[in-house]
Amino acid sequence: MKKLFVFFIFLLIIIGCKEKFIPSLQSPVTGYLVVEGYISSGAEPTTITLTRTTKLYDTSNIIYEHNAQVNIVGQNQETYALFETGNGVYTSASLNLNNSEKYHLQIKTQDGKEYASDDANVKQTPDIDSLTWARENGGLKIYVNTHDPQNNTRYYHWKYEETWEFHATYYSSLVYTYDQNNQPIGVAFRNPYQSVDTTIHKCWNDIKSTNINLGSSEKLAQDVIDLPIIFIEQGSVKLSVLYSLNVKQYALSRDAYLFFQKIKKNTEEVGSIFDAQPSELQGNIHCISNPAEVVVGYVDISQEKVKRVFIKNSDVPGWNYKMVCAQIIIDNQPDSIHKYGIGLNPTTVYTTGIGGAVKQFFATPEINCIDCTLTGSNVRPSFWP
């Protein structure tokens with residue numbers, strides 16, 4: 001008992017000595033400029049996002065850099081302007097740049113500071129050969145496959161967007177009717193044709209990648225890539241009906257690859273003393289008006305190659321997606337509704353009486369079980385089959 005008492009005293013002393021650590025890093029009040037995106041050399045528009053860094057303990061929203069002058073400039077001084085479309089996003093028209101010329105990005109912020117990236121060569125991006133998938137550990141893993149027969153690319157970066165169709169568990173054709181005290185006293189059909197409301201039954205959701213997906217064939221004899229890009233857990237709603245993955249591929253210079261590799265290690269692989277430790281990020285963007293100022297980002301010039309794959313629920317037998325929903329049967333009269341139906345949501349007719357009047361109906365306690373628009377959009381994507 002004495003040893004146990006000493007142990008607890010020692011533990012309390014250790015806990016009492018813990019203090020909140022706030023690193024004494026010096027940065028401008030406005031934060032450092034962060035530049036994200038590629039100069040697109042093909043038919044796709046160039047999109048550059050400008051934001052500002054925040055302090056580690058700052059939980060505020062992202063600080064976007066507005067009203068900047070952003071241009072792409074070639075060695076022959078040919079200039080292409082980018083215009084802000086909102087939230088610090090600056091976009092150009094299609095450029096179709098000269099592959100034999102070098103280009104750089106110029107930025108002038110509203111406080112008068114000027115920034116520029118180093119001149120960069122145009123990189124040719126090979127096509128994505130295929131997107132394949134396989135069942136692994138009960139879930140589904142999707143692979144990106146590409147190659148460069150000239151063995152010139154070697155370094156790759158991928159972004160992707162997931163889109164999936166999902167359905168509410170139950171159809172709904174009924175709504176409550178209310179008395180003057182706003183108490184439910186019966187049900188009525190949602191529409192004159194007494195059909196179910198399909199506008200709240202079928203929905204879509206989408207997510208863009210936030211992790212950094214890199215690949216390299218530097219150590220291989222052939223420039224061939226076959227890498228997993230995403231894993232979907234078994235039973236995920238993403239594959240409850242129909243799922244789509246749209247992958248964008250970019251060829252990188254070696255310096256750009258090393259920069260993004262550091263970003264990946266600093267943001268995704270730092271969690272313990274055994275993980276890679278944070279390292280200094282040295283990009284190719286500089287503050288011309290103040291060379292000592294830190295700028296975060298690397299702007300490369302690359303084509304964008306795109307590939308999309310669709311996967312149906314029937315392609316993954318035994319997926320076992322389930323949404324926890326339940327229904328009860330309620331008599332369509334005030335006493336029964338007041339006793340059993342308060343807080344519930346009518347779904348469909350169970351039995352009818354004279355003249356087709358609703359005698360009994362189904363109801364569920366979870367509104368999400370009948371209205372998919374609470375967690376998604378009922379606007380069908382233009383590319384959806």
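If you add up the charges near Thr163, with Lys and Arg at +1 and Asp and Glu at -1, over every other residue whose beta carbon is less than 12 angstrom from its beta carbon, what do you get?
Local net charge: 0.
In the structure shown, do any of Lys265/Lys307; Lys202/Lys312; Lys265/Lys312; Lys208/Lys262; Lys219/Lys307 have a Cα-Cα gap over 23 Å, and if so which?
Over 23 Å apart, Cα to Cα: Lys265/Lys307; Lys265/Lys312; Lys219/Lys307.
Rounded to the nearest 20 debye, what is the charge dipole size of region 278-335 about its Cα centre when +1 sits on each Lys and Arg Cβ and -1 on each Asp and Glu Cβ?
Dipole size: approximately 400 debye.
Rounding to the nearest 20 debye, state how big the charge dipole of the chain is about its Cα centre with +1 on each Lys and Arg Cβ and -1 on each Asp and Glu Cβ.
For the chain, the charge dipole is close to 1020 debye.
Between beta-carbons, use under 9 Å as the cut-off and find the net charge around Arg254, counting Lys and Arg +1, Asp and Glu -1.
-1
List, largest first, the extents of the alpha carbons of region 248-385 along their principal axes, each in whole Å.
83, 37, 36
Under 5 Å between amide hydrogens, which residues at least 5 positions from Tyr32 or on another chain qualify, with H placed 1.01 Å from N in the peptide plane?
Thr53
Among 211-221, 44-54, 347-357, what's the highest-first ranking by average C-beta atoms within 10 angstrom per residue?
Ranking the peptides 211-221, 44-54, 347-357 by packing returns 44-54, 211-221, 347-357.
To the nearest 20 Debye, how big is the dipole of region 249-385 about its Cα centre, given +1 on the beta carbon of each Lys and Arg and -1 on that of each Asp and Glu?
Rounded to the nearest 20 debye, it is 520 debye.
Which residue, Val296, Val358, Val247, has the largest displacement toward the positive end of the dipole of the chain when charges sit on each Cβ (Lys, Arg +1; Asp, Glu -1)?
Val358
Keeping the other protein chains in place, figure out the carbon and sulfur percent of the accessible area of the chain, with a 1.4 Å probe.
Percent of accessible area from carbon and sulfur atoms in the chain: 53.
State the dimensionless ratio Rg/Rh of the chain (Rg: radius of gyration of Cα atoms; Rh: Kirkwood radius).
1.10
Which order do the peptides 158-169, 287-298 come out in when sorted by mean C-beta neighbours inside 10 angstrom, highest first?
158-169, 287-298
Calculate, for the chain, the solvent-accessible area per residue in square angstrom, rolling a 1.4 angstrom probe over the heavy atoms of the protein chains.
Here the per-residue accessible area is 57 Å².
Report, to the nearest 10°, how far helix 254-268 tilts away from the longest principal axis of the Cα atoms in the chain, using its own Cα long axis and a range of 0 to 90°.
That works out to roughly 40 degrees.
Name the residue, out of Asn87, Asn191, Asn71, whose mean-square fluctuation peaks in a Gaussian network model built on the chain with Cα pairs under 10 Å.
Maximum among the listed residues: Asn191.
Can you work out the PRE-style zone for Glu218? Point 7 Å along Cα to Cβ, and I want the residues of region 229-268 with backbone N under 16 Å.
251-266
Counting Lys +1, Arg +1, Asp -1, Glu -1, what net charge surrounds Ile329 among other residues with beta carbon under 14 Å of its beta carbon?
Net local charge, Ile329 excluded: +1.
Quick one: what are the phi-derived ³J(HN,Hα) couplings along region 158-165, Karplus 6.51/-1.76/1.60 with θ = phi - 60°, whole Hz, x for glycine and proline?
Those phi angles translate into 10, 10, 8, 10, 9, 9, 9, 8 Hz.
Hey, can you rank 362-372, 327-337 by average C-beta count inside 10 Å, highest first?
Answer by packing, highest mean first, reads 362-372, 327-337.
Could you derive backbone 3J(HN,Hα) for region 322-330 from the dihedral phi with the Karplus parameters 6.51, -1.76 and 1.60 (θ = phi - 60°), listing whole Hz in sequence and x where the residue is Gly or Pro?
Whole-Hz 3J(HN,Hα) from phi for region 322-330: 9, 9, 6, 9, 8, 10, 10, 9, 10.
Mean-square fluctuation check for the chain, GNM, Cα pairs under 10 Å: which of Tyr193, Tyr321, Tyr155 is largest?
The residue that fluctuates most here is Tyr193.
The values are calculated or read from the model by the stated rules, or taken from the named source; none is laboratory data. From a predicted model like this one, the values you see are computed outputs, not experimental measurements. Backbone-built Cβ (ideal geometry, glycine too); neighbour counts: all protein chains shown. Please note that ligands, DNA and RNA were not included when accessible areas were found on the heavy atoms of the full protein model with its side chains. Shrake-Rupley method; radii C 1.70, N 1.55, O 1.52, S 1.80 Å.
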